[in-house]
1. Restricting attention to the stretch A:181-207, which residues are touching an Asp or Glu at 6+ places or on another chain (Cβ under 7 Å), more than 13 Å from residue A:163 (Cα to Cα) and surrounded by fewer than 24 Cβ atoms within 10 Å (Cβ to Cβ)?
2. Against the definition (open to solvent by 20 Å² or more (accessible area, probe 1.4 Å), within 14 Å of another protein chain (Cβ to nearest Cβ) and more than 17 Å from residue A:265 (Cβ to Cβ)), how does residue A:155 come out, yes or no?
3. With (1) buried (at least 24 other Cβ atoms within 10 Å of the Cβ); (2) more than 13 Å from chain B (Cβ to nearest Cβ) as the list, and residue A:166 as the residue in question, which single condition is left unmet?
4. Spot the failing condition for residue A:313; the list is (1) under 14 Å from residue A:378 (Cβ atoms); (2) not in a strand (DSSP E or B), and only one is missed.
5. Could you check, for the stretch A:407-417, whether at least one of its residues is free of Cβ contacts under 8 Å to residues at least 24 places away in the same chain, open to solvent by 40 Å² or more (accessible area, probe 1.4 Å), charged (D, E, K, R) and more than 11 Å from residue A:293 (Cα to Cα)?
6. Could you say whether any residue in the stretch A:125-132 is open to solvent by 10 Å² or more (accessible area, probe 1.4 Å) and away from chain B (no Cβ under 14 Å)?
7. When the stretch B:65-112 is examined, which residues are found to be of a type outside the set (A, V, I, L, M, F, W, C) and within 15 Å of residue B:11 (Cβ to Cβ)?
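The values are calculated or read from the model by the stated rules, or taken from the named source; none is laboratory data. From a predicted model like this one, the values you see are computed outputs, not experimental measurements. Here the Cβ positions follow ideal geometry from the backbone for every residue, glycine too, while neighbour counts run over all protein chains shown. For accessibility, only protein heavy atoms count, side chains too; no ligands or nucleic acids. Shrake-Rupley method; radii C 1.70, N 1.55, O 1.52, S 1.80 Å.
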Amino acid sequence: MGMTITEKNMARHAGVDQVKAGQIIECQVDAILMNDITFPPALKEFRKIGKPVFDKNKIYLVPDHFTPNKDIKSAEQAKVMRDFVKEEGIMHYFEVGRMGIEHVLLPEQGLIAPGELMIGADSHTCTYGALNAFSTGVGSTDAGVAMATGKTWFKVPETIKVTLKGKLPKWVSGKDVILELIGRIGVDGARYKAIEFAGAGVASLTMADRLTICNMAIEAGGKCGVFPYDEVTKAYEEGRVRRSYTPIEADADASYCEEVTIDLDALKPVVAFPHLPENTHYVADIEEPIAIDQVIIGSCTNGRYEDLVAAAEVLKDHKVADFVRCIVIPGSQDVYNKAMQDGLIDIFLQADCAVSTPTCGPCLGGYMGIMAAGERCVSTTNRNFRGRMGHVDSEVYLASPYVAAASAIMGRIAEPKEVK
Amino acid sequence: MDYQGTIWRYGDNVDTDVIIPARYLAIADMEELATHAMEDIDTTFAQKVKPGQIMVAGKNFGCGSSREHAPAVIKASGISCIVADSFARIFFRNAINIGLSVIEIGEAVKEIKAGHEVGVDLGKGLVYDLTTGKTYQGTALPPFIQAIAKAGGLVNFAKSR
């Protein structure tokens with residue numbers, strides 16, 4: 001019987017010819033990712049096993065959540081990671097100054113290859129499906145144990161097939177695609193399932209769009225999101241990945257549990273209202289103006305160079321509205337550097353944005369843009385749960401960099417075409 | 001019966017950020033962290049929860065982050081078992097891995113209301129509403145996962161292999 005991309009990937013890493021949805025299997029992992037929040041508890045579990053790390057070249061450690069250290073406790077956590085890296089000679093560690101937000105950084109550094117399988121102690125690890133890899137978020141215990149064994153168990157997920165048709169219109173991006181999908185299937189619509197993207201529309205999506213889309217598979221409850229390997233993937237990986245790899249394509253007779261079609265031509269800018277990513281509306285349908293206090297442009301969802309280009313395109317020659325804070329956070333040091341060389345940072349500064357060094361910071365209510373009671377933020381991040389970005393009575397509206405930038409200028413949730 | 005007690009009742013899509021707000025994540029001690037458990041949707045929980053009590057919730061419990069702090073603070077708060085319509089995938093896996101009992105009984109969970117007393121037999125996968133006298137069959141765990149749970153979590157399981 002035919003297999004989906006995810007089934008084939010799992011079979012390959014379990015060393016068997018065939019797997020089917022529902023089966024429990026054990027897989028070799030190609031890499032394990034941890035951050036400053038999830039590493040210390042993983043280390044505790046790892047130490048209990050009493051074995052050395054399975055491969056010091058396959059452990060990726062990125063201090064990004066509360067770094068540059070926001071307080072003494074965060075500094076202690078980051079130090080636990082740094083000390084371990086020094087002791088064990090871990091190859092892939094990224095110090096502040098070379099650091100980026102993990103899911104922006106790892107693809108950019110060529111650390112994820114098509115057809116590979118990896119886990120990360122961060123729920124947005126599902127991002128790498130954009131590169132035709134299988135990747136999923138796990139807890140610290142899973143990561144700590146895998147750090148010793150190089151293996152982990154999975155239940156082979158059923159797969160939802162999402163067929164993309166057409167091409168995205170102007171001012172519409174990958175963020176709108178994934179918000180539209182979550183709005184349709186709900187925050188548990190893909191619970192325990194893989195989301196496989198297919199169709200002629202895939203070719204028109206940039207790698208940045210695909211990374212954004214897979215990043216939020218978890219917000220529909222998904223185990224992973226995955227794209228087919230094509231010319232866009234090949235071009236992205238060229239000069240980044242230095243090892244050989246074997247992409248995976250779905251069999252023509254693969255079996256899917258559900259099929260969804262999204263017509264990209266007809267898509268409009270989407271915004272998810274508080275307090276769930278499934279509460280989606282088209283910006284054009286908002287009747288009463290929704291005034292805002294803050295805008296965040298960045299995160300593992302939308303902190304890539306292309307996202308900053310999109311925001312800058314809207315913000316150029318405009319000013320952020322009075323009493324609105326617009327905070328731009330490039331997703332990695334390379335993104336920051338390129339944005340500076342290409343004049344994007346200048347556009348942001350001229351528009352009165354605050355520009356930060358890479359950090360997850362405000363996305364999860366850490367620091368660098370925490371909100372007071374009653375405040376509202378339009379954010380390019382991934383979650384708008386109650387209290388996520390600060391006070392329990394603050395509100396987060398999720399949107400694309402285009403909508404976020406337009407909203408910063410207008411002082412209310414707005415589309416780029418409204419900016420004169 | 002493995003567990004028996006009065007319940008803390010919550011709705012659908014209880015996310016990891018309300019179970020333990022990320023603003024406290026620099027705290028590494030689970031007992032200390034547990035004093036903030038659930039506070040964004042229930043300010044009484046952390047003060048009033050008693051050891052052995054059971055949490056009952058709707059669908060997609062624990063959606064959001066992969067941070068193990070979420071099941072860990074619930075365990076540290078004294079809750080013995082969570083009964084839900086369904087769990088988010090990573091939360092479910094984490095709960096098993098750290099030795100917090102979880103059981104899914106589907107939509108019938110709606111019949112179990114705040115104030116009821118509930119019993120759980122994990123071996124049989126049964127949930128009893130002791131207030132109404134009704135019994136609910138939960139989804140059985142696959143043998144591999146039962147073995148992890150029986151070992152007391154993933155670390156013990158991995159050490160024993």
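1. Hits for the stretch A:181-207 are A:183, A:186, A:206.
2. In short, yes.
3. The failed condition is (1).
4. (1)
5. No, the stretch A:407-417 contains no residue that is free of Cβ contacts under 8 Å to residues at least 24 places away in the same chain, open to solvent by 40 Å² or more (accessible area, probe 1.4 Å), charged (D, E, K, R) and more than 11 Å from residue A:293 (Cα to Cα).
6. no
7. B:85, B:86, B:107, B:110, B:111 - these are the residues of the stretch B:65-112 that are of a type outside the set (A, V, I, L, M, F, W, C) and within 15 Å of residue B:11 (Cβ to Cβ).
Listed here are the residues, each with its yes/no results for (1) touching a Leu at 6+ places or on another chain (Cβ under 7 Å); (2) modelled with pLDDT of 95 or more; (3) not assigned by TED's automatic domain parsing to the domain that holds residue A:143.
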| position | (1), (2), (3) |
| --- | --- |
| A:13 | yes, yes, no |
| A:60 | yes, yes, no |
| A:73 | no, no, no |
| A:82 | no, yes, no |
| A:86 | no, yes, no |
| A:91 | no, yes, no |
| A:95 | no, yes, no |
| A:110 | no, yes, no |
